[in-house]
Structure formats: C-alpha cells, structure tokens
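Heads up: the structure comes next, in structure tokens.
Taken together, the values in this text are just the output of simple stated rules run on the coordinates, not laboratory data. What you see is a predicted model, and the numbers here were worked out from it, not measured in a lab. So basically every Cβ, Gly included, is an ideal-geometry build from the backbone, and we count neighbours across all protein chains shown.
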Amino acid sequence: MRAILFQGKGQVAVGEVPKPTLKDPGDVLVRITLAAICGSDLHIYHGAIPMLPGSSLGHEFVGVVEAVGEGVQSLKPGDRVVGPFHVACGACRACRRGEFNLCEKRGVYGYGPLMGNLPGAQAEWLLVPYGDVNLRKLPEKLSEERAIFAGDILSTAFGGLVQGGLRPGERVAVIGAGPVGLMAVESALALGASKVLVLDRVKDRLEMAEAIGAIPIHVERENPKRRVLEETQDEGADLVVEAVGGEATVALAFELVRPGGRISALGVTTTTTFPFPLNSALVRDLTFRIGLANVHHYIDQVLALLEADRLKPERVISHVLPLEEAPRGYELFDRKEARKVLLKVG
Ligand code: NAD
Ligand code: ZN
Ligand code: ZN
C-alpha cells in the first residue's frame with residue numbers, strides 16, 4: 001500500500017509498505033479516506049523528534065472499517081470512524097482514571113520510537129489496536145472534513161481550555177494562530193469566552209482567526225503585552241493558551257496572564273528545562289499546566305458539538321491534496337503558505 005515516509009530532515013516521500021493485517025482480537029483495520037498534516041508532524045520534518053528514515057508518518061485520519069478482530073464489540077465493517085491521534089489500552093491504571101494520554105501502553109501513530117513506533121495514518125490503511133477504545137463511529141451526517149478535527153487538534157484545543165479552567169465570560173489570549181491556535185479560538189468562543197485575542201506573525205492565519213471571531217495581534221508589528229493589557233482593562237488574560245511550543249512563547253504566556261490567571265500550554269517542545277518565574281508566579285497566584293492531549297476524554301463532547309454545528313473547524317482548511325502530493329503539502333505547510341492541509345486517500 002502507499003504511505004508517506006519520512007526520508008530525512010526536510011524530506012518526505014510517497015512509498016510502498018506492506019498492508020497491515022489483524023493480529024490481536026481488539027484490532028481494527030481501517031481503510032483511510034482522509035488524513036491531515038499536523039504541526040506536530042513538522043517537528044519530525046525538522047529533525048527535532050527522532051524518526052528512522054523509511055518510517056510512515058501521520059496521526060490525523062478518518063476512514064472506513066474494513067475488518068475487526070473477534071474481540072471488537074462497538075464497530076463493524078463499513079462503519080465510518082475517526083480516532084484519537086494517540087492510542088490507549090483502556091484497561092491500565094491511567095486509563096481507568098480517565099488519563100488516556102498517560103496510558104501505560106500509549107503510542108502516537110507515525111511518531112517514531114519515543115511514541116511507540118506505531119505506523120502512520122498518512123497511508124491507505126491503518127491498524128488500530130484496542131479498536132473499541134481508540135475509534136469512534138461518526139454520526140451519520142457529519143462530513144469527513146469536519147470530523148477529522150476531532151481526532152487531534154480540535155479535541156486538543158478544547159481539552160486545553162477545559163483543563164485551563166475556562167469559565168463563560170472570561171478573556172482568553174491564544175499564542176499562535178496555527179491550526180491548533182485556530183481551534184482554540186473556535187473552542188473558546190463555543191465555551192463562552194467573552195473575548196479571544198490571538199497572537200501570530202502570519203497575516204493569513206491572523207485574518208482567519210479574526211474571521212472566526214478573535215482579535216488579531218501581529219507580534220512583530222505591535223507590542224503584544226501592551227495590546228493584551230489594553231484589551232483587558234489593564235489586567236491581562238484570564239487564561240492564556242500557548243499553541244506554538246518552546247521557551248519563548250511559554251515565557252510570553254507568563255507576561256500576558258492576569259494575576260490569579262491560568263496558562264494552558266499545548267505546544268510540543270523538546271526543551272528540557274525552563275527558567276520558571278517562581279516568585280512572580282507565587283505573588284501573582286498563577287496556575288501553569290502542560291501536557292499531551294487527552295483526546296479520548298473530550299472526543300465525544302467534541303463530536304456532539306460538531307454534529308450540532310456549534311463548531312465549524314473545516315473553515316480553516318486551505319488545501320485538500322491527493323496523498324501523492326503530500327510532499328508538496330509538507331513544504332507549503334512548513335512555509336506557512338498553507339493553513340491546514342488534508343490528504344485525500346480513498
Ligand atoms: P503550526 O506550526 O502550524 O503553528 C504554529 C504557529 O505559531 C504558526 O502560525 C507560527 O507563525 C506561530 N508562531 C511561532 N512563533 C510565534 C511567536 N513567537 N508568537 C506568536 N506566534 C508564533 O502548528 P499547529 O498545527 O498549530 O500546532 C501548534 C503546536 O501544537 C505544535 O507544537 C504542535 O506540535 C502542538 N500540538 C500539541 C498537541 C498536544 O497533545 N499537546 C496536539 C497537537 C498539536
Ligand atoms: Zn496532530
Ligand atoms: Zn491504558
């Protein structure tokens with residue numbers, strides 16, 4: 001079957017790999033119909049996250065069930081499905097606590113040896129382990145272009161806001177207007193934020209954020225801290241969502257948050273230490289949280305909101321390319337010339 005393979009820094013290619021087959025009773029074989037390129041794939045593309053050349057990439061997908069193992073109860077061939085980007089077993093201590101992102105057997109599709117060496121979803125087929133845990137049947141009328149966002153970036157952003165304690169009426173600052181930041185705008189408004197400020201340096205992305213309902217702030221054309229203070233009656237944001245990854249934007253989050261406020265950091269980073277502003281956080285009574293998304297915990301809520309038309313993430317899609325054109329999709333997305341790239345597979 002065809003799959004998108006990592007070749008080395010800055011290089012991906014369409015290649016041939018063996019089609020997977022059912023192995024364990026809980027396995028589900030999914031024929032992928034639509035996949036997506038994520039900002040998290042770019043960390044691999046940049047060589048920041050280790051990946052063996054020749055390994056398949058991708059973790060955002062929707063598809064159709066082709067075959068199920070004898071232990072699978074909730075799905076049958078022909079069902080349209082979406083799944084979290086990360087895999088959980090559903091039975092370990094972490095899963096029983098609802099912390100699926102901390103599953104003792106966790107893995108991320110197409111994310112290399114640090115994340116379980118699972119095959120990627122930018123491919124014609126994907127073998128999903130523990131299928132009852134790691135797949136959801138799509139509501140009948142939900143389009144694939146909308147549903148694919150539930151498996152990662154929309155549930156990630158939605159969960160980041162909920163875990164950041166967002167209350168209706170609050171003012172949210174989102175650092176980064178990439179697809180994840182745009183999903184944070186979409187979710188914050190749906191969850192009742194009174195004002196959403198978005199910081200980026202890419203014009204097209206700021207314009208999209210504004211179209212969704214946020215106030216755009218170009219970080220190179222104005223002083224972001226001053227503008228956020230102006231927009232919040234000199235207090236700062238109640239909740240800051242960091243949707244870039246790395247030291248500089250986490251440090252900025254501490255500058256934008258109001259006393260008593262919260263920071264929810266979603267960006268993936270390989271930075272190991274960070275000069276935490278301890279005294280400032282103490283006297284300003286700040287809360288900082290960071291973590292890989294717990295998509296299983298939020299995906300059903302998100303699918304219900306998508307079905308009810310309360311979230312419309314598909315408006316951020318800029319490119320739908322055939323799988324063969326994934327290398328061009330990676331280039332465009334890396335250069336920020338594409339906002340969100342979907343790959344049509346089936
Ligand atoms: P992206 O690379 O397309 O978007 C990042 C955006 O940040 C870009 O628009 C860029 O212009 C902007 N940016 C960079 N530096 C900035 C700065 N100093 N100030 C303001 N904006 C700045 O990626 P994405 O798909 O939106 O993903 C964002 C991050 O979320 C990535 O690190 C990704 O790995 C991560 N992510 C995390 C999880 C999780 O489980 N926590 C899940 C999905 C994605
Ligand atoms: Zn992703
Ligand atoms: Zn588990």
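The criterion of at least 3 residues that are closer than 23 Å to residue 340 by Cα and within 18 Å of the chain's Cα centre (by Cα) is met, among strands (runs of 3 or more DSSP E) falling completely within region 1-57, by 28-37.
In region 226-250, of all residues being touching a residue at least 24 places away in the same chain (Cβ under 8 Å) and among the hydrophobic types (A, V, I, L, M, F, W, C), the one that is farthest from ligand 1 (Cβ to nearest atom) corresponds to 239.
Candidates in region 99-123 are the residues that are surrounded by fewer than 23 Cβ atoms within 10 Å (Cβ to Cβ) and assigned to a helix (DSSP H, G or I); of these, the one that is farthest from ligand 1 (Cβ to nearest atom) is 113.
Just one of the numbered conditions (1) within 14 Å of residue 316 (Cα to Cα); (2) under 15 Å from the mean Cα position of the chain (by Cα) is not true of residue 155: (1).
Only one residue in 81, 62 is assigned to a strand (DSSP E or B), in contact (Cβ under 8 Å) with a residue 60 or more places away in the chain and of a type in the set (A, V, I, L, M). Which one? None of the other options fit; the residue is 62.
Within region 78-98, the set of residues being away from ligand 1 (no atom under 16 Å from the Cβ), closer than 13 Å to residue 30 by Cβ and surrounded by 13 or more Cβ atoms within 10 Å (Cβ to Cβ) comprises 79, 80, 81. Within region 315-346, the set of residues being in a loop (DSSP other than H, G, I, E, B) and over 19 Å from residue 121 (Cβ atoms) comprises 318, 335, 336, 337, 339.
You will find that of 154, 142, the residue that is within 16 Å of residue 302 (Cβ to Cβ), touching a helix residue (DSSP H, G or I) at 6+ places or on another chain (Cβ under 7 Å) and either free of Cβ contacts under 8 Å to residues at least 60 places away in the same chain or in a loop (DSSP other than H, G, I, E, B) (or both) is 142 and no other. Can you spot a residue in region 146-154 that is surrounded by 24 or more Cβ atoms within 10 Å (Cβ to Cβ) and out of contact with any strand residue (DSSP E or B) (no Cβ under 9 Å at 6 or more places or on another chain)? Yes, the conditions are met somewhere in region 146-154.
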